[in-house]
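The values are calculated or read from the model by the stated rules, or taken from the named source; none is laboratory data. Computed from a prediction, not measured in an experiment: that's the story for all the values here. Heads up, the Cβs are rebuilt from the backbone with ideal geometry, glycines too, and the neighbour counts pull from every protein chain shown. The area values use the complete protein model at the heavy-atom level, side chains included, leaving out ligands, DNA and RNA. Shrake-Rupley method; radii C 1.70, N 1.55, O 1.52, S 1.80 Å.
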Amino acid sequence: MNGPIASAREAWGVDAPDWVMGLAQSCEASSQSKVAAQLGYTPAVISQVVRKKYTGNIHNVRERVEGQLMGATLVCPALGNLPLHECQAWRAKARHFSGANHQRVLMFRACSRCPNNREEVSN
């Protein structure tokens, strides 16, 4: 039985993206279920990504992996340096206006004009 790293190499080939290999390495070091829970996905989604069979929005998965597992950041016009997965979470919240608190209102306005924001499919 192949481990996650071998499965990723077999499916993606020598040009496997760094984030896919990082995901596979995290699964091998811990477990697919633990990594899935950390990222907010099901173990089936993680398995499909590693095996290059995922048909959902791969960009969303990539941002979570890069932000949570690999420490990727970006510069948010409103909040400054921000982990990529936190930017993704704010963009998701900003799709619908909420006056629940001042920061939600601020981020609704900021995200709607932000160059990092683009139309995404929720996963």
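Across the alpha-carbon set of region 53-123, the Rg to Rh ratio works out to 0.98, Rh being the Kirkwood radius.
Please tell me the relative contact order of the chain in percent, rounded to the nearest whole number, where contacts are Cα pairs under 8 Å and at least six residues apart. Computed value for the chain: 19 percent relative contact order. On region 11-114, 51 percent of the accessible area sits on carbon and sulfur atoms, based on a 1.4 Å probe. The residues of region 73-123 expose on average 65 square angstrom of accessible surface per residue, using a 1.4 Å probe on protein heavy atoms. What FRET efficiency comes out for residue 102 versus residue 29 if R0 is 25 angstrom and r is the Cβ-Cβ distance? Round to the nearest 0.05. Efficiency for this residue pair is about 0.05.
Each of 69, 99, 82 was placed along the dipole of region 24-123 (beta-carbon charges, centred on the mean Cα), and the one lying farthest toward the positive end is 99. Calculated accessible area for region 1-61 comes out at 55 Å² per residue, all protein chains present (probe 1.4 Å; ligands, DNA, RNA ignored). Quarter the surface of the alpha carbon convex hull of region 4-60 and you get the mean projected area, 3.4 square nanometres. A DSSP coil position with no more than 14 other Cβ atoms inside 10 Å describes the following trypsin sites (Lys or Arg not before Pro) in region 25-123: 53, 95, 118. Between residue 95 and residue 79, the distance separating the two model label sites (each 7 Å from Cα on the Cα→Cβ line) works out to 1.7 nm. Take the Cα radius of gyration of the chain and divide it by 2.2 N^0.38 Å, N being the number of residues; the result is 1.16.
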